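These notes concern the structure reproduced below.
Where a number appears in this text, it was derived from the coordinates with a stated rule and is not lab data. Quantities reported herein were computed from a predicted structural model and do not represent experimental measurements. Because the Cβ atoms are built from the backbone with ideal geometry, glycine has one as well, and the counts that use them run over all protein chains shown.
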Amino acid sequence: MTYREWVNDSYCFACGEKNPIGMHLHFETTGEKLQAKYVFPKELQGYSNTVHGGMISLLLDEVMVNLPWLKLKEPVVSADIRVKLKRPLKIGEPVTAQAWVDKQKRNIYRMKSRLIRDSDGAVVAEAEAVCFKINIEKI
């Protein structure tokens with residue numbers, strides 16, 4: 001199996017173009033940050049008309065692990081992630097997820113991210129993750 005095949009077969013639930021039920025995230029870099037805009041559909045709700053907290057966590061994790069890959073061509077996986085849900089998010093509200101590297105030492109990245117409501121700039125959630133660079137040859 002080659003490096004590219006392992007990393008991306010375009011079927012990732014969050015960013016895979018081929019996944020018919022996926023989120024189809026698109027990322028863009030802004031300075032040292034990576035961001036993705038998204039609108040959660042009704043299918044990803046928890047309580048009535050409210051985005052499921054696990055889906056918010058998924059979005060924040062995805063933007064964090066994609067930053068080293070897209071900016072530095074270094075694939076990483078999350079080993080530890082902590083999410084703080086600060087306020088509810090309504091289904092259909094546009095948001096922007098942002099991630100940045102807090103610290104990096106050898107093969108360990110300490111990442112941070114936040115989810116911002118586009119309408120008023122309110123922070124919906126924040127996350128921190130410890131991510132490890134993966135060595136494809138050893139898999």
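Structure summary
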{"item": "With at most 15 neighbouring Cβ atoms within 10 Å, loop chymotrypsin sites (Phe, Trp or Tyr not before Pro) (DSSP) excluded, longest segment of the chain", "result": "48-139"}
{"item": "Semi-axis lengths, Å, segment 1-76, gyration tensor of Cα atoms, sqrt of 5 times eigenvalues", "result": "24, 16, 10"}
{"item": "Net dipole in debye of the chain [+1 Lys, Arg Cβ; -1 Asp, Glu Cβ; about Cα centre; nearest 20]", "result": "420"}
{"item": "Cut-off under 5 Å, modelled amide H: who pairs with L25 long-range", "result": "C15, G16"}
{"item": "Cα Rg, Dmax, segment 42-116, angstrom units", "result": "13.7, 44"}
{"item": "Under-5 Å amide H pairs with V124, H placed in peptide plane, nonlocal only", "result": "L115, I116, R117"}
{"item": "Value of Rg to Rh for the chain (Rh from inverse mean 1/r over Cα pairs, i.e. Kirkwood)", "result": "0.97"}
{"item": "Crossing angle, helix 53-72 versus the chain [Cα axis fit, 0-90 degrees, rounded to tens]", "result": "40"}
{"item": "Value of [θ]222 nm, deg cm²/dmol, for the chain, DSSP H segments ≥ 4, -39500 (n - 2.57) each, nearest 500", "result": "-5500 deg cm²/dmol"}
{"item": "Residue among N8, N66, A99 farthest towards the positive dipole end of the chain, charges placed on Cβ", "result": "A99"}
{"item": "Rounded Å value of the spacing that divides the Cα centres of segment 96-139 and segment 59-83", "result": "5"}
{"item": "Burial ranking of peptide ranges 60-66, 122-128, 31-37 (average Cβ count within 10 Å, highest at the top)", "result": "60-66, 122-128, 31-37"}
{"item": "Cut-off under 5 Å, modelled amide H: who pairs with T50 long-range", "result": "I91"}
{"item": "Percentage relative contact order, segment 1-106, counting C-alpha pairs under 8 Å, at least six apart", "result": "28"}
{"item": "Cross-link partners of K42 among lysines (Cα-Cα below 28 Å; sequence separation of 8 or more within a chain)", "result": "K18, K84, K86, K90, K112"}
{"item": "Low-density loop positions, trypsin sites (Lys or Arg not before Pro), segment 38-114 - DSSP coil, at most 11 other Cβ in 10 Å", "result": "K73, R106"}
